[in-house]
Amino acid sequence: MRQPEILVIGGGTGIYPVVSALKQLSVKITTIIAVSDSGGSTGRIRDEFGFPPVGDLRQSLAALASLDSQRAIQELLLYRFERGSGLKGHNLGNLILTALQDKYRSTTKALEVAQQIFRIEGNVIPSTDTAVNLKITYQDGTEVLGEHHLDKAIKKPNKIAKVSLTPKCKVNPAVTKALSKADLIIIGPGDLYASLIAVLVTPGLSQALVHSKSPICYFLNLMTRQAQTHDMTATDHVTAIERILGFPLTKIIINTDPIPPEILTVYAAQQEFPVTDDVTNDDRILRKPLLEKTIHKQSSSDSVQRTLLRHSSKKIIPVIKSLLAI
C-alpha cells in the first residue's frame, strides 16, 4: 500500500512538532524551508561564505532524524558553542551544512548528502537554491533588507505591508516535483513573515501549489511576534497567507489549550500576546488543544530570540490523521 506523502512548509523551530508527529505515522515527509535567514550563527556564516543560510534547514534535519539515533543526531545538529572567540554562538549543524555547501556548491545537494550521513527519514528542500534576503515593506512605505530586522524589539511596532525576496530567484525544481506528489500540504506553525510567507513568496511556488490540487492546511501560531504580527488576530494571519496563495486554505487549525499566566507575563513584557481567535462561521476551522506543557529554554549564547511555547507533537497526531481523511 502506498504511503501518503506529506509536505510541510515553514522554517525554524515552528514546524518541529509537526514533523515529529508525522514521524509517528506511516507517511513520507518532505519539508520546504525558507532560506532568507540573516541573524545569529546563520547570519554570520552567510556573511562570510555567501551561501543560502542553513539554520532553518538544520532544524528540519534534526526533526527528521531516525528514531533509533534521534537523540544523538539532534544533539549534534543543534549543539551550540558556548565559548571560544571564533566559535561562541555558532551552531555545529550550521557549520557541517556550510562545509557540505562549500564542497558541492549547491544547498540542495548538500542537504541530500547530509540526509544520507545522518540517516534522515524524509527530505529537506530549500525553497530556492539562490542566496536571497527578505525585503520588508511597511505600511508607511519604508523598507528594510534582512530577516534579522523581524527579530528586533522596537518601541512602536510598524505594520508590515508585504515581504519579498531579493535578488530575483525562482522556486527550486525539487520543490515543484515534491508538490506534484503531495497528498497533503501543511503550512506552519512558524513566524508568519520570516518563516512561512518567506517560503510562499518564492516566485513560482504559489503556481505549483495550485497545480498540486492537494488539501492545504495551516497551523495557526500560538503567540504574536512584536516586530512581525503585533495586534494581528487569527483572521489577519489567515488573510495574509491566503493573499499570497491566491486561493482559500482547506483547513485552519487553532489551539484551544490555555496558556499558563506566568508564561503570558513573560511574553507580555516583550509586547507579545496570544493570537486572538476571532474566526466565526467558518467550517474550515479545526479547534483542538495543542499546547506543549514543556517550556523551552534558550541557550545563553544564542543571539536570536526563540519561542518559549511550542505545539505538542503528541496532540498533533490525531489532527493530522483527520486531515489525511479530507
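Coordinate-derived values only; no laboratory data. Remember, predicted model here, so these are calculated numbers, not experimental data. Neighbour counts are summed over all protein chains in view; Cβ atoms, including those assigned to glycine, are modelled from backbone coordinates with ideal geometry.
Extending 7 Å from Cα along the Cβ direction at Val266 and again at Arg71 yields two label points whose distance is 2.4 nm. Going 7 Å from the Cα of Gln139 along its beta-carbon direction, which residues of the range 194-215 have the amide nitrogen within less than 17 Å of the resulting point? Answer for this model: none. Here Leu87 and Asn281 are evaluated by their C-beta separation; at R0 = 41 Å the FRET efficiency comes out at 0.15. Build a GNM of the chain with springs between Cα atoms under 10 Å apart, and of Lys155, Lys170, Lys23 the one that fluctuates most is Lys155. In the range 5-324, the alpha-carbon atoms span a convex hull of 132 Å³ per residue. Extension gain, Lys162 to Lys181: 0.36 nm times the residue separation minus the Cα-Cα distance gives 3.9 nm. Computed from the Cβ-Cβ distance with R0 of 30 Å, the FRET efficiency linking Gln3 to Glu242 stands at 0.55. Using the rule -39500 (n - 2.57) for each DSSP H run of four or more residues, divided by the residues of the chain, the 222 nm mean residue ellipticity is -10000 deg cm²/dmol. Take the Cα of Ala131, step 7 Å toward its Cβ, do the same at Thr256, and the gap between the two points is 4.9 nm. Be a star and scan the range 153-182 for residues whose amide nitrogen sits under 19 Å from the point 7 Å along the Cα-to-Cβ vector of Gln116. Residues 174 fall inside that zone.
Which of the three applies to the range 172-312, rounded, prolate or oblate, going by the alpha-carbon gyration tensor with a ≥ b ≥ c and a/c under 1.5 meaning rounded? Here the range 172-312 falls in the prolate category.
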